[in-house]
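What follows is one structure encoded as structure tokens, with my remarks underneath.
The values are calculated or read from the model by the stated rules, or taken from the named source; none is laboratory data. No experiment lies behind these values; they were computed from the predicted model shown. Quick reminder, even Gly has a Cβ in these numbers, built from the backbone with ideal geometry, and neighbours come from all protein chains shown. Calculation scope for accessible area: heavy atoms of the full protein, side chains included, ligands and nucleic acids excluded. Shrake-Rupley method; radii C 1.70, N 1.55, O 1.52, S 1.80 Å.
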Amino acid sequence: RGSGDDSLVGIRNRSGRKKKGRRKAEKARWLRLAKWYGPPVAGLLIGIWATLRFSLLAPDPPARPENLCDVFREHPVWYDYASGSQQRWGTPIATQMAFVYYESSFRSHARPPREKLLGFIPWKRPSSAYGYPQALDGTWDWYRRETGHGGADRDDFGDAVHFVGWYHYQRHVRNGIARNDAYHLYLAYYAGHGGYARGTWKSRPYMKRSAQRAQDMATRYAVQMERCGR
């Protein structure tokens, strides 16, 4: 009986070693597959996610962005966002929307065009401006810290228009600019707090031309809103 048990134990040990060897070989095979196919599959999944995130799920720019009534008819929730920002920060809806239109033409993922190296090679972008409000990285980080909106995104319209209202409020408090003064609000938006306070814009005609266009669009939007009805 003793020798029989020993034989049985030996058989079991050999069987166990074979199973362990098969598991090890199977693991090695999967590691090889992961090594060869993992990066392409991961890239494909990232590409699919990016397509969904930046294309399919991003709202199309309004068909008639120059008419605020049509903008809100096409994207009704944008009115709710702009109205909420006005109630919180005091900047009129028309002014907020004029800034978004002038900055990005309501394109959620807008960026400054790349510079050209040697006149034809796409190179780096001139700034980190991004999204509906074309806010810089540092300014956006400041906004998120100050408001506690750590998850706010520049390509989300609700976050973007809330940022515009918040930024104008900062200029109202720090620079004394009226929140319905789109001309000077745009100068401060363009030049920044320090640049506006130093008056750098006074010697830069292109800044003043841009501010005038922003003012004209805000006025146009305000007139349109009076005729939109419910």
Over the stretch 102-218, with every protein chain in place, what whole percent of the accessible area is carbon and sulfur at 1.4 Å, could you tell me?
48
HN-Hα J couplings of the stretch 127-134 from phi, Karplus 6.51/-1.76/1.60, θ = phi - 60°, integer Hz, Gly and Pro as x?
7, 8, 4, 7, x, 3, x, 6
Under a no-solvent Debye model with one identical scatterer per Cα of the stretch 165-230, what's log10 I(q)/I(0) at q = 0.14, 0.19, 0.20 Å⁻¹?
-0.43, -0.71, -0.76
What is the distance, in nm, between label points placed 7 Å from the Cα along the Cα-to-Cβ direction at VAL77 and at ASP137?
2.9
Sequence of TRP36, TRP166 when ordered by accessible area, the most exposed leading, probe 1.4 angstrom:
TRP36, TRP166
The simple spin-label model distance between GLU66 and THR147, using points 7 Å out along Cα→Cβ, in nm, is 3.0
Taking 1 over the mean of 1/r across every pair of different Cα atoms in the stretch 113-202, what Kirkwood radius in Å do you get?
14.4
Under 18 Å from the Cα of LYS208, which aspartates and glutamates turn up, not counting those fewer than eight places away in the same chain?
GLU103, ASP181, ASP216
So ARG204 and LYS27, fully extended at 0.36 nm per residue minus their Cα-Cα distance, gain in nm 57.1 nm
